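J.: Right, I'll just put the structure down here and ask away after.
The values are calculated or read from the model by the stated rules, or taken from the named source; none is laboratory data. This one's a predicted model, so the numbers in the text were calculated from it and none came from an experiment. Every residue, glycine among them, receives a Cβ derived from its backbone with ideal geometry; neighbour counts consider all protein chains shown.
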2 protein chains.
Amino acid sequence: SSGNEEELQSDTNILCGFKTTTVLKDSAREKAIFLHGKLDGQEAVVILQKTPITEDTVAEMLSDGSSRLTLEMRNDIYSTYQLQPPAHLNVIKATVVCPATAKHVKKYQGQESFLVEETGEDYRSITLPYIQGQSFSLQWVFNILEKIAEAERIVYEDPDPDVGFVLLPDFKWDQKQNHDLYLIAIVHQRGLKSLRDLTAAHLPLLQNICNKGKEAILQRYGVAANKLRIYFHYQPSYYHLHVHFSTLGSEAPGCGVERAHLLSDVLQNLRSDDLYYSRRSLCFPLRADSGLLAKFKQAEQL
Amino acid sequence: SSGNEEELQSDTNILCGFKTTTVLKDSAREKAIFLHGKLDGQEAVVILQKTPITEDTVAEMLSDGSSRLTLEMRNDIYSTYQLQPPAHLNVIKATVVCPATAKHVKKYQGQESFLVEETGEDYRSITLPYIQGQSFSLQWVFNILEKIAEAERIVYEDPDPDVGFVLLPDFKWDQKQNHDLYLIAIVHQRGLKSLRDLTAAHLPLLQNICNKGKEAILQRYGVAANKLRIYFHYQPSYYHLHVHFSTLGSEAPGCGVERAHLLSDVLQNLRSDDLYYSRRSLCFPLRADSGLLAKFKQAEQL
């Protein structure tokens, strides 16, 4: 290891010179901190994140003679300690972006969100024109549907142009274990932007995604339907209809009640009211820097 | 510090002798691990959890000469490293329960959950008899409503017997900062167990909680309504109607789409269908060891 020493030493110097100007975000739950500052005179973002505790390192940590334990509190059968394991068993992951632009800084900033309650009328007068004005490219979605890209990632396909869809793993899932399984079903039908466009006419499509998506996930991964949370996002991150399949155990971002809509609820609501999703007020969070939030403010709907 | 050395040394020996038999739970996101094993011949649960990274320790970590940095990956402006800070800047919180009973072990076990889709009929034939058979005591709730307990914690009260409620901080909120604010509104009206009991007759009660709860939180904490997620749980953890108020920024457990129901949706649904919540199928997760899950299995509804 002495051969590495020099390299380590020289690397050490890199972050030694980092001067923090602001803490962009600070996640006590995830044991991470996001910093903006200067590194050798250049703008930089430094992210530090503690690493998961694994079973193998625990045994070493506890048995290593250089580990230190300090009693904090003792009450009946309960006690708490501070454990100081040897440094090499307790590394921190550091990510450096340098030179960082204002865009990078903004990306890592903890952004405030505001809940918007959008009526059906707000959708038509504010949200829809905003979406249309953005002309978000959906080319990457069409590439998937036409097998121009990501064809090898497809887990299941029903090629029917009306009720068909393609099922593939979400990029957030590393596919290494099934307990945090996360897939996306993208409909073949074009022109359905979101929940807002759904009517009773789409019940066969939705029921088909529900049935065949569950079946494909059971076949391929052995994960039963009663372990799955199946839902839409509103607002979605892209305006081509898609359905999320994630396991109950996973804490996939965006499965909170303020953004997610269970497919089973959507099915029931459309069965009882054809226009449920075009007439209802829908709540969703928007980040402080969102263009859509600015439109709602302009329209004095906030 | 040499005076402490002996105490530390003797404490070290305590966990040195811990032999893990099973990993009860392992949270990569929260950097925690829950272990069951033997400590000096007794059953024990040991919980290890990495500590949050604070701004002050970061400066020390980066500047300390004994910190080591190892390059993992470099690509354009992005690079990742392993940082080995000095042991004293990187402690782990250890909690020991010893001797631990089977109940403790079960409590810390990562429990599988299963999604149940409960029809209105399932509610009446399976869930309702189960709730009634459990005879959960609601005395602690009545103590709050009658100011026998926790009176000093009440943030706001509308004493009206029909539409009134008491608003107080949830125990999960430490009240030290407002960004993770979490309060509960408990209705004065008795006999409303959950969402399932609500009809259009309860609209004045629900609208009152919505309006006055938002107003009280704005007055007391300066937190605006568009920062609040206002919702019911189904299944709730106790069967006396209550409403959760938590900030969008907080990741309060139980705000996932599979358990939470936004008050604004409940209001709309009851306005358009008096019997919405008595007739609809509602999805919710149940833990593998739940008595209610066993009832659903018996009834072959799973």
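J.: Can you confirm whether A:Ile154 is of a type in the set (Val, Ile, Thr) and surrounded by fewer than 18 Cβ atoms within 10 Å (Cβ to Cβ)? Step through it out loud before you land on a result.
T.: Numbers: of a type in the set (Val, Ile, Thr): yes; surrounded by fewer than 18 Cβ atoms within 10 Å (Cβ to Cβ): yes.
Yes, satisfied.
J.: So B:Glu215 clears everything in (1) surrounded by 15 or more Cβ atoms within 10 Å (Cβ to Cβ); (2) among the acidic types (Asp, Glu); (3) in a helix (DSSP H, G or I) except one condition, right? Which one?
T.: Result: B:Glu215 fails condition (1) only.
J.: Only one residue in B:Lys93, B:Lys106 is under 24 Å from the mean Cα position of the chain (by Cα), more than 10 Å from chain A (Cβ to nearest Cβ) and surrounded by fewer than 18 Cβ atoms within 10 Å (Cβ to Cβ). Which one?
T.: The match here is B:Lys106.
J.: With (1) within 20 Å of A:Tyr123 (Cβ to Cβ); (2) within 14 Å of chain B (Cβ to nearest Cβ); (3) among the small types (Gly, Ala, Ser) as the list, and A:Ser237 as the residue in question, which single condition is left unmet?
T.: Among (1) within 20 Å of A:Tyr123 (Cβ to Cβ); (2) within 14 Å of chain B (Cβ to nearest Cβ); (3) among the small types (Gly, Ala, Ser), the lone unmet condition for A:Ser237 is (2).
J.: Oh, and also: Answer yes or no: is there a residue in segment A:60-79 that is of a type in the set (Val, Ile, Thr) and at pLDDT 90 or above.
T.: yes
J.: Within segment A:43-80, take every residue that is part of a helix (DSSP H, G or I) and not hydroxyl-bearing (Ser, Thr, Tyr) and give me the one that is surrounded by the most Cβ atoms within 10 Å (Cβ to Cβ).
T.: The residue in question is A:Leu62.
J.: Which condition breaks for B:Pro86 when tested against (1) at the interface with chain A (Cβ under 8 Å from one of its Cβ atoms); (2) touching a strand residue (DSSP E or B) at 6+ places or on another chain (Cβ under 9 Å)?
T.: Condition (2) is where B:Pro86 drops out.
J.: I've got another one for you. Of the numbered conditions (1) within 30 Å of A:Asp26 (Cα to Cα); (2) more than 14 Å from chain A (Cβ to nearest Cβ); (3) under 20 Å from the mean Cα position of the chain (by Cα), B:Gln219 satisfies every one except a single condition; which is it?
T.: (3)
J.: Moving on to the next point. If I ask for residues that are in contact (Cβ under 8 Å) with a residue 40 or more places away in the chain and touching a His at 6+ places or on another chain (Cβ under 8 Å), which ones from segment B:222-260 would you list?
T.: B:Tyr234, B:Pro236, B:His244, B:Thr247, B:Gly249, B:Ser250, B:Ala252
J.: Exactly one condition in (1) in contact (Cβ under 8 Å) with a residue 40 or more places away in the chain; (2) touching a Phe, Trp or Tyr at 6+ places or on another chain (Cβ under 9 Å) is not met by A:Asn269; state its number.
T.: Of (1) in contact (Cβ under 8 Å) with a residue 40 or more places away in the chain; (2) touching a Phe, Trp or Tyr at 6+ places or on another chain (Cβ under 9 Å), only one is false for A:Asn269: (1).
J.: If you don't mind, there's one more thing I want to ask. Please work out if A:Thr51 is without any contact (Cβ under 8 Å) to a residue 60 or more places away in the chain, touching a strand residue (DSSP E or B) at 6+ places or on another chain (Cβ under 8 Å), outside the structural domain of A:Leu292 (by TED's automatic domain parsing) and over 29 Å from A:Leu286 (Cα atoms).
T.: yes
J.: Might you check whether a residue that is farther than 30 Å from A:Leu15 by Cα, at pLDDT below 95 and away from chain B (no Cβ under 14 Å) occurs anywhere in segment A:154-169?
T.: Applying the first criterion (farther than 30 Å from A:Leu15 by Cα) to segment A:154-169 yields A:154-169.
Subset that is at pLDDT below 95: A:169.
Checking which are away from chain B (no Cβ under 14 Å) leaves us with A:169.
Yes: one or more hits.
J.: Any residue in segment B:12-21 that is part of a loop (DSSP other than H, G, I, E, B), modelled with pLDDT under 60 and of a type in the set (Ser, Thr, Tyr)? Walk me through it before giving the result.
T.: So the first thing to find is which residues in segment B:12-21 are part of a loop (DSSP other than H, G, I, E, B), and the list is B:17-18.
Add one more test, that the residue is modelled with pLDDT under 60, and what stays is none.
There is no residue in segment B:12-21 that is part of a loop (DSSP other than H, G, I, E, B), modelled with pLDDT under 60 and of a type in the set (Ser, Thr, Tyr).
J.: Continuing with this model, one more query. So B:Arg259 clears everything in (1) buried (at least 17 other Cβ atoms within 10 Å of the Cβ); (2) out of contact with any Lys or Arg (no Cβ under 8 Å at 6 or more places or on another chain); (3) over 28 Å from A:Ala288 (Cβ atoms) except one condition, right? Which one?
T.: (3)
J.: Search segment B:31-75 for residues being among the basic types (Lys, Arg) and over 33 Å from the mean Cα position of the chain (by Cα), and hand back the single one that is farthest from the other protein chains (Cβ to nearest Cβ).
T.: B:Arg74
J.: Looking at A:Leu183 and the list (1) under 22 Å from A:Ala216 (Cα atoms); (2) touching a helix residue (DSSP H, G or I) at 6+ places or on another chain (Cβ under 6 Å), which single condition is not satisfied?
T.: Of (1) under 22 Å from A:Ala216 (Cα atoms); (2) touching a helix residue (DSSP H, G or I) at 6+ places or on another chain (Cβ under 6 Å), only one is false for A:Leu183: (2).
J.: Now for a different question. So which residues in segment B:251-294 are charged (D, E, K, R) and either closer than 16 Å to B:Ser194 by Cβ or not assigned by TED's automatic domain parsing to the domain that holds B:Ile186 (or both), if there are any at all?
T.: B:Glu258, B:Arg259, B:Asp265, B:Arg279, B:Arg280
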